[in-house]
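Below is one structure, written out as structure tokens; the observations come after it.
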Amino acid sequence: MNTLINHIVEQLIEVQNGKLWIGSNFNTKLNQIDENLFFTRPIKGLHSIAEIISHLTLWRQETILKIRTGKGSKTDDCEENWLNNQRLEPMGWQNIILKYNKTLTELINLLESKSDTFLEEEYYDTDFKDYYKYSFVINGMLHHDLYHLGQIGIIIKYLKESYNQ
């Protein structure tokens, strides 16, 4: 019985495209915008939606690596953590979203192959420089997604209001 793993997988799916109590999921938000808004920074110093999606993708890839190998490779200071629009635009907005969705599917498939006891096993976290239970990084991914979902919602609202004035 994998009650905890199944619950985490359900939450990851719900945050992406399910019915959330908070009202919106990633698909709902991303379907509200076009390529122009995707790469637009709301104000100087804040990230674009493209930059946030790229950031989320990197940390999902890093979580997948930790689950597969027991050790990560990235830190908050790595160059790939926050790629700017100039680096992202040539990739195209649909490819960025496709890669983001692919990492979610990969993470879910990987988790579904694990048992609840896996959550108590440890991995080495390169960023925090210590050993942590897998439940730490997996729950952290969920929290991280929700945090940035809220940011994306605010960015979309701001950009749409700015363009309608």
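The values are calculated or read from the model by the stated rules, or taken from the named source; none is laboratory data. Treat the numbers as computed from the prediction; the structure is a model and nothing was measured. Methodologically, a virtual Cβ is constructed for each residue, glycine included, from the backbone with ideal geometry; neighbour enumeration extends over all protein chains shown. These area figures cover heavy atoms from the full protein model, side chains too; ligands, DNA and RNA do not enter into them. Shrake-Rupley method; radii C 1.70, N 1.55, O 1.52, S 1.80 Å.
The figures follow:
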{"read-out": "Residue match in the stretch 121-129 (condition: on the phi > 0 side of the Ramachandran plot, free of Cβ contacts under 8 Å to residues at least 60 places away in the same chain and not in a helix (DSSP H, G or I))", "value": "yes"}
{"read-out": "In the stretch 32-64, the residues that are under 19 Å from Thr103 (Cβ atoms) and open to solvent by 20 Å² or more (accessible area, probe 1.4 Å)", "value": "His47, Trp59, Gln61"}
{"read-out": "Boolean, Ile49 is out of contact with any His (no Cβ under 7 Å at 6 or more places or on another chain), over 21 Å from Ile155 (Cα atoms) and modelled with pLDDT of 95 or more", "value": "no"}
{"read-out": "Any chance Leu20 is in a loop (DSSP other than H, G, I, E, B), open to solvent by less than 70 Å² (accessible area, probe 1.4 Å) and in contact with a helix residue (DSSP H, G or I) (Cβ under 7 Å, 6 or more places away or on another chain)", "value": "yes"}
{"read-out": "Filter result for Tyr134 (in contact with an Asp or Glu (Cβ under 8 Å, 6 or more places away or on another chain) and touching a residue at least 12 places away in the same chain (Cβ under 8 Å))", "value": "yes"}
{"read-out": "Unmet criterion (only one of (1) of a type outside the set (Gly, Ala, Ser); (2) more than 20 Å from the chain's Cα centre (by Cα); (3) open to solvent by less than 50 Å² (accessible area, probe 1.4 Å)) for Ile96", "value": "(2)"}
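Conditions (1) of a type outside the set (D, E, K, R); (2) more than 11 Å from Ile5 (Cα to Cα); (3) surrounded by fewer than 13 Cβ atoms within 10 Å (Cβ to Cβ), marked per residue:
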residue: Glu112; (1), (2), (3): no, no, yes
residue: Leu119; (1), (2), (3): yes, no, no
residue: Tyr124; (1), (2), (3): yes, yes, no
residue: Asp127; (1), (2), (3): no, yes, no
residue: Ser135; (1), (2), (3): yes, no, no
residue: Gly140; (1), (2), (3): yes, yes, no
residue: His144; (1), (2), (3): yes, yes, no
residue: Tyr147; (1), (2), (3): yes, yes, yes
residue: Gln151; (1), (2), (3): yes, yes, no
